[in-house]
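Please treat every number below as a calculation from the coordinates, not as lab data. As the structure is a computational prediction, the values presented were derived from the model and not from experiment. When we count neighbours, we look across all protein chains shown, and the Cβ atoms used for this are built from the backbone with ideal geometry, even at glycine.
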Amino acid sequence: MIRHAELLIKVALLFNVICTGIFAFGSFFISPFSAIIGLVLFIFTVYYAYIVWGRIPFAATNLVCATTAIKSNMGLSFPAYSALPIMLGWSCWWLVSFVSTIYVTSGCDGQGNCSSEPPGILVFALLLSYHWTFQVIKNVLHVTVAGTVGTWWFVPSEGTSFCSHGVRDSLVRSLTTSFGSICLGSLLVAIIESLKSMVRNLRESENGGGILLCLAECLLACLAEVMEVS
Amino acid sequence: MWAFVFVGLYGYPFIDAGKNALTLFQTRGWTTIITDNLSQGVLGLVSVAVGLITGLVSFLIAHSTGMVFGDELGASAAGFFIGFITGAVLTSTLLTLVSSAVNTVIVCYAEAPREFEDNHPKLSQDMRAAWRQAWPDEFHY
């Protein structure tokens with residue numbers, strides 16, 4: 001990947017264009033409306049590829065730099081791979097709690113017949129806890145990587161071995177001193193994600209809800225994207 | 001995501017980190033987002049490619065050792081999917097590290113190009129050439 005970064009980026013970009021092209025071609029056989037959408041998507045992708053073509057060398061150099069930094073600090077793979085079973089464990093645990101809480105508060109019996117709707121605030125709180133923990137785990141990893149790459153950048157002697165000081169100190173920092181900032185940032189994203197899940201649920205349950213809910217979901221999706229990026 | 005890079009680099013509180021991230025966007029603009037986007041594309045492609053290879057390998061293994069996953073039509077594809085998912089998940093976990101690192105590198109180079117020149121001269125040369133190509137008129141380092 002380091003030696004052929006620029007080629008890989010071009011391949012990825014062209015692959016994207018080809019995929020949208022195939023999609024556009026296929027959509028011609030479905031309906032004229034989807035054909036228009038497919039064509040617009042294809043034109044947009046081609047235009048995007050044309051605009052960013054000049055930025056490819058810059059992206060390639062950044063990619064090479066980043067991969068070199070990670071390669072010199074492969075100890076980062078430990079937190080990365082341990083995050084997988086942690087997230088899986090959390091998902092299972094949360095699912096059990098969620099289902100049992102809903103069953104109890106809705107007065108459901110063993111056959112799944114519920115006597116009432118679960119209180120909205122409870123569902124929101126449970127969803128929030130899930131998304132928040134998920135985001136915190138993800139962002140702890142992100143901040144650890146950022147700290148390690150920073151160490152590699154400024155003080156390479158401390159950031160160029162498998163389980164270097166950079167990795168360990170960065171991990172400790174992100175779990176102790178910076179943990180508050182990570183939690184705050186994750187909370188903001190988690191609130192929006194939970195609201196999105198609730199709105200989607202409302203839309204599905206009321207047979208297409210109405211345009212207001214649709215707009216709300218779209219708006220929340222955009223907001224979530226913005227928050228993810230910043 | 002960009003705010004978290006500042007949190008990781010300098011240990012800023014989240015609000016200050018967010019402000020720094022906004023300043024970064026104002027000065028560097030779309031190139032930051034485009035670079036990020038292109039890198040994500042490559043990393044996604046690599047994950048899928050590795051997944052396909054592992055899927056193929058596991059399919060061949062399952063086929064040659066005579067493992068049977070059921071009598072339905074898609075039974076033989078189960079071996080492929082198990083390999084594909086395993087390969088793709090493991091690779092993408094590793095490549096999320098690279099994705100975070102790309103963001104950090106973009107921020108670091110905008111903030112401290114001189115330390116980079118001192119510590120990693122070869123990479124710094126490549127980076128300078130690439131910057132010059134991306135911003136031919138602005139670059140004066």
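Straight-line reach from A:LYS196: taking Cα to Cα under 22 Å and skipping same-chain neighbours fewer than 8 places apart, the lysines in range are A:LYS138. Projecting the alpha carbon convex hull of the range A:59-188 along each direction and taking the average yields 10.4 nm². Where the alpha-carbon atoms of chain A are placed on the principal axes, they occupy 64, 53, 28 Å, in descending order. Taken along its principal axes, the alpha carbon cloud of the range A:1-106 reaches lengths of 54, 50, 17 Å, longest axis first.
Please compute the average number of Cβ atoms from other chains found within 10 Å of each residue's Cβ in peptide A:92-100. Walk me through the numbers on the way to the answer.
Numbers: counts 0, 0, 0, 0, 0, 0, 0, 0, 0.
For this peptide, the per-residue mean of nearby foreign Cβ atoms is 0.
The helix-only estimate of mean residue ellipticity at 222 nm for chain A, built from DSSP H runs of length n ≥ 4 each weighted as -39500 (n - 2.57), is -27500 deg cm²/dmol after division by the residue total.
At a Förster radius of 45 Å, what calculated FRET efficiency corresponds to the Cβ-Cβ distance of A:SER91 and B:LYS122, to the nearest 0.05?
Values: r = 43 Å, r/R0 = 0.96.
Calculated transfer efficiency: 0.55.
Working from label points 7 Å from Cα in the Cα-to-Cβ sense, the A:ILE43 to B:ASP16 distance is 4.9 nm. Per the Debye formula on identical point scatterers at the alpha carbon atoms of the range A:115-230, with no solvent, log10 I(q)/I(0) at q = 0.10, 0.12, 0.15, 0.23 Å⁻¹ is -0.44, -0.57, -0.74, -1.19. Calculation over all alpha carbon pairs of the range A:166-225 in 5 angstrom steps from 0 returns a P(r) of 4, 18, 19, 14, 11, 9, 8, 7, 6, 4, 1 percent. If you take all other residues with their beta carbon under 10 Å from the beta carbon of A:ILE56, and give Lys and Arg +1 and Asp and Glu -1, the sum is +1. Please give the residues of the range B:75-112, grouped as numeric ranges, whose backbone N is less than 18 Å from a label point set 7 Å along the Cα-to-Cβ vector of B:GLN133. Answer for this model: B:106. Can you compute the modelled spin-label distance between B:LEU60 and A:SER100, with each label point 7 Å from Cα toward Cβ, in nm? If labels sit at B:LEU60 and A:SER100, their model points lie 4.7 nm apart.
Against the empirical curve 2.2 N^0.38 Å, the C-alpha radius of gyration of the range B:1-46 lands at a ratio of 1.30.
Peptide A:50-56 shows a mean partner chain C-beta count of 4 within 10 Å per residue C-beta.
Counting Cβ atoms of other protein chains within 10 Å of each Cβ in B:10-21 and taking the mean gives 4. At a Cβ-Cβ separation cutoff of 4.7 angstrom, cysteine residues of chain A with no neighbouring cysteine are A:CYS19, A:CYS65, A:CYS92, A:CYS163, A:CYS183, A:CYS214, A:CYS218, A:CYS222.
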